[in-house]
Amino acid sequence: MTTFISNSDHYAQVVERMQDVSRLLWIGTSDIKDLYVMEGQNTKPLLGVLSDLVHRGVEVRLIHAKEPGPAFREDFDKYPDLIDGMERVLCPRVHFKIVIFDLNTAYIGSANLTGAGLGMKGENTRNFEAGILTTDPELVEKAIQQFDDVWMGSFCKECRRKDFCPDPIV
């Protein structure tokens, strides 16, 4: 299965799917801002969903390019499970947007981990986004490999952006 998704479909196809993973969720994004999800008739920060996943024993990894906005940082402090339970790497060169679900499904596209990207903003305020959601083993493996190469610091030794990297892996 490979499906093209655009605009508000990102919320249903990517964000809602995050809540259903059983073993692993890897998220790669260049930008992070506060992103909220529906919970019944209310909303809660996506960080609450990630905290619930960590509490269930799901491996959650997050690669992003820069420090998140103040609202995200404020929400982060409300979920102490994430401090030790979610692994995080900053890499100023990351511009990809990849989400890996249980190593068998991948989102590859343009949407950042923001309300206007993956979130539930209205049609007239959200970004125009495009991507694919796939279970194609070859595409999923390539997405996993790119994520893992950055995660493991494969490019750090030769990187020419070290002056901008707050926490080089090697």
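Remarks
- Considering only residues in the range 119-146 that are open to solvent by less than 30 Å² (accessible area, probe 1.4 Å), out of contact with any His (no Cβ under 7 Å at 6 or more places or on another chain) and at pLDDT below 95, the one that is nearest to P45 (Cα to Cα) turns out to be G119.
- Annotation: V21 fulfils all but one of (1) open to solvent by less than 10 Å² (accessible area, probe 1.4 Å); (2) within 24 Å of P92 (Cα to Cα); the unmet one is (2).
- Some residue of the range 148-170 being open to solvent by 60 Å² or more (accessible area, probe 1.4 Å) and within 28 Å of N7 (Cβ to Cβ): no
- Given (1) closer than 21 Å to W151 by Cα; (2) under 12 Å from the mean Cα position of the chain (by Cα), number of the condition S51 does not satisfy: (2)
- Check on E16, open to solvent by 60 Å² or more (accessible area, probe 1.4 Å) and in a helix (DSSP H, G or I): yes
- Whether a residue is at pLDDT below 90 and touching a strand residue (DSSP E or B) at 6+ places or on another chain (Cβ under 9 Å) was assessed, and G153 passes this test.
- For the range 24-39, the set of residues classified as open to solvent by 70 Å² or more (accessible area, probe 1.4 Å) and under 28 Å from R93 (Cβ atoms) consists of K33 only.
The values are calculated or read from the model by the stated rules, or taken from the named source; none is laboratory data. What you see is a predicted model; the values in this text were computed from it and never measured. Cβ atoms come from the backbone with ideal geometry, glycine included; neighbour counts cover every protein chain shown. Ligands, DNA and RNA are stripped out before the accessible areas are found, and what is left, the full protein with its side chains, is counted by its heavy atoms. Shrake-Rupley method; radii C 1.70, N 1.55, O 1.52, S 1.80 Å.
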